Amino acid sequence: CIRSFARSDELNRHLRIHTGHKPFQCRICLRNFSRSDHLTTHIRTHTGEKPFSCDTCGRRFARSDEKKRHSKVH
């Protein structure tokens, strides 16, 4: 891979794509993730947390991209 990164943490995160290393584990179902933010989003499937709400109708979503997609229906 010839990608380059300005910061070492970005390089380390990218290297996990090639190595398959998944250091972040869900304590509930034991599923592993390569990124901590993906684990955080996953945990919401267990907790039911929906921190993103539609400004128009108030419907709530677990992920910001779901809210963004929903907003287009208004």
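Taken together, the values in this text are just the output of simple stated rules run on the coordinates, not laboratory data. Quick caveat: nothing in here was measured; it's all calculated off a predicted structure. Cβ coordinates were reconstructed from backbone atoms using ideal geometry, including for glycine residues, and neighbour counts include every protein chain displayed.
Between amide H atoms placed 1.01 Å from N, distances below 5 Å from PHE52 occur with PHE61, all of them 5 or more places distant or on a separate chain. Using equal-weight Cα scatterers in the Debye expression, the normalised intensity of the chain in log10 at q = 0.12, 0.26 Å⁻¹ is -0.50, -1.06.
Think of the chain as a dipole: +1 on every Lys or Arg Cβ, -1 on every Asp or Glu Cβ, centred on the Cα centre; then among HIS70, SER34, ALA6, HIS70 lies furthest on the positive end. For ARG31, the residues whose modelled amide H falls within less than 5 Å of its own, excluding neighbours fewer than 5 places apart on the same chain, are CYS26.
Hydrophobic, long helices, defined as DSSP H runs whose alpha-carbon span along the helix axis is 27 Å or greater and whose mean Kyte-Doolittle value is at least -0.5, do not occur in the chain.
Take the Cα of CYS26, go 7 Å toward its beta carbon, and the backbone nitrogen atoms of the stretch 44-59 under 16 Å from that spot belong to 44-50.
Averaging sequence separations of C-alpha pairs under 8 Å and six or more residues apart, then dividing by the length of the stretch 8-72, give the relative contact order as a whole percent. Kindly include the intermediate steps, with their values, before the conclusion.
Numbers: 64 pairs, mean separation 11.9, N = 65.
Computed over the stretch 8-72, the figure is 18 percent.
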